[in-house]
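Comments concern the structure below.
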Amino acid sequence: MFHVKHAGRAARISRRTIVSLIGSLVPASVPAPASAIPEVAPGTASLAGQLLIATPVMGDPRFADTVILMVHHSDEGAVGIVVNRPIGLRSLADLLRAIGEDASQADGEIRIFAGGPVQSELGFVLHESAYRRAGTFDIDGRVAMTSNREIMLDICHHAGPQKCLVAFGYAGWGPRQLEAELALRAWATVPDDPALVFDEDRSTVWDSAMARAQGRP
């Protein structure tokens, strides 16, 4: 995964842990069908490929009104990327310089998102699944994630995915931590929808996702 040259201040889990969690996903070349949900523990299904929606009873202000695309969920823990916290535009040249790449040919800007409170120096790109590179892995057959420098170079050279979301940081849970929060009804869930991840006005993503979770049109 690429990283920018500043230190995150939030509580961290080790890079080995997150790489292990992400690396355990189904390889991109063999996408899992939506119905093939692995078991986390007896009676508990993986939420990978689901949208996690903070409910009004969420007690952590860092997650108030957030919508998170779950990337990985197993008995080892869970990892997700917040998709409705844009933090502004950044020039592609500045971004390339921040990750240690040549920026002489870069122009234009890209919107950057706060992907979660953990390790904000780590960058992740969610994108439509048609784009593939070494290290790309499929999340649910419709959305994939790539976290290497090459995808940023492709984006700068107009050869990247047609739809993408560039985020720094992630949301992480230890073993059974997310399950405990779900039991407290701090989160609602709905199946992933690329329109909510990439297309919907970011100011309405939480409302739209919560309406779906409540069965409202």
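The values are calculated or read from the model by the stated rules, or taken from the named source; none is laboratory data. Remember, predicted model here, so these are calculated numbers, not experimental data. Every residue, glycine as well, gets a Cβ built from its backbone with ideal geometry; the counts of neighbours run over all protein chains shown.
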Take the residues of the stretch 50-108 that are surrounded by fewer than 21 Cβ atoms within 10 Å (Cβ to Cβ) and of a type in the set (S, T, N, Q): which is farthest from LEU126 (Cα to Cα)? SER104
State the number of residues belonging to the stretch 156-172 that are at pLDDT below 90 and either outside any loop (DSSP other than H, G, I, E, B) or β-branched (Val, Ile, Thr) (or both). 1
Per-region count, the stretch 125-169, residues in contact with a helix residue (DSSP H, G or I) (Cβ under 9 Å, 6 or more places away or on another chain) and either under 17 Å from LEU51 (Cβ atoms) or among the hydrophobic types (A, V, I, L, M, F, W, C) (or both): 19
For the stretch 58-73, which positions are touching a Leu at 6+ places or on another chain (Cβ under 7 Å) and modelled with pLDDT under 95? HIS72, HIS73
Residue that is surrounded by fewer than 22 Cβ atoms within 10 Å (Cβ to Cβ), modelled with pLDDT of 90 or more, among the polar types (S, T, N, Q) and within 22 Å of SER74 (Cα to Cα), where the choices are THR204, THR146, THR189: THR189
Do we have any residue at all in the stretch 101-120 that's touching a helix residue (DSSP H, G or I) at 6+ places or on another chain (Cβ under 8 Å), free of Cβ contacts under 8 Å to residues at least 24 places away in the same chain and part of a strand (DSSP E or B)? yes
The stretch 59-118, subset of a type in the set (Lys, Arg) and out of contact with any Ser or Thr (no Cβ under 8 Å at 6 or more places or on another chain), residue farthest from PHE137 (Cα to Cα): ARG62
Tell me, which residue of the stretch 135-150 that is without any contact (Cβ under 8 Å) to a residue 60 or more places away in the chain and not charged (D, E, K, R) is nearest to LEU95 (Cα to Cα)? THR146
Within the stretch 82-100, of all residues that are aliphatic (A, V, I, L, M) and in a strand (DSSP E or B), the one farthest from LEU196 (Cα to Cα) is LEU89
